[in-house]
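Engineer: Here's a structure for you.
The values are calculated or read from the model by the stated rules, or taken from the named source; none is laboratory data. Remember, it's a predicted structure, so these values are computed and weren't measured experimentally. All Cβ positions, even for glycine, are placed from backbone atoms using ideal geometry, and neighbour counts span all protein chains on display.
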Amino acid sequence: MKPKAAIAVAAVILAVGLVVAMKQAQRQSLSSSAEAAVRREFPPPSTTLPRLLDIGAGRCIPCKMMAPILDGLKKEYEGRMDVVVIDLIEHPEAGRLYNINLIPTQIFYDPSGKELWRHEGFISKDDILAKWKELGFDFTKDAGK
């Protein structure tokens, strides 16, 4: 190979490498800002209430089946349990942020924000309340309040 051709090939390889590095840096910065946006919109649990976090997507069949259950829990146990739903279509970074492998995923947190348990797939209201009870939070005792 002639010296000019070798220099041209090296320059192209260097340019491609720089473009790839810049794209990765841009992706990381976008990823960080998207994660920050998810954290702002869905802050960590309060220091007084346990939290049920559901991560899914509006197009997913089990997620659609979970929607009325989560809405009901949110209303029925308002002031005693935080129920938060994150849609991965609207907030794709939440999948990485919460280490989601399958949707829907429900994550149970204690009032201090410590993860207690997680479940992947559909889960019924009765099973959610039974799990909370197993974890030390019996919401059924005060259901009429």
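Engineer: Considering the range 80-102 alone, what residues qualify as being closer than 10 Å to residue 54 by Cα and touching a helix residue (DSSP H, G or I) at 6+ places or on another chain (Cβ under 6 Å)?
Structural biologist: 83, 85, 86, listed by residue number.
Engineer: Applying the selection to the range 110-126, what residues are modelled with pLDDT under 95 and either at positive phi or out of contact with any Phe, Trp or Tyr (no Cβ under 7 Å at 6 or more places or on another chain) (or both)? Show your work before the answer.
Structural biologist: Pass one, the range 110-126, residues modelled with pLDDT under 95: 110-115.
Passing the criteria: 110, 111, 112, 113, 114.
Engineer: Still on this model: Which residues, taken from the range 81-109, are in contact with a Lys or Arg (Cβ under 8 Å, 6 or more places away or on another chain) and not in a helix (DSSP H, G or I)?
Structural biologist: Residues satisfying the conditions are 81, 82, 83, 84, 89, 105, 106, 107, 108, 109.
Engineer: So for the range 125-144 (the condition being assigned to a strand (DSSP E or B), touching a strand residue (DSSP E or B) at 6+ places or on another chain (Cβ under 6 Å) and more than 17 Å from residue 74 (Cα to Cα)), does at least one residue qualify?
Structural biologist: no
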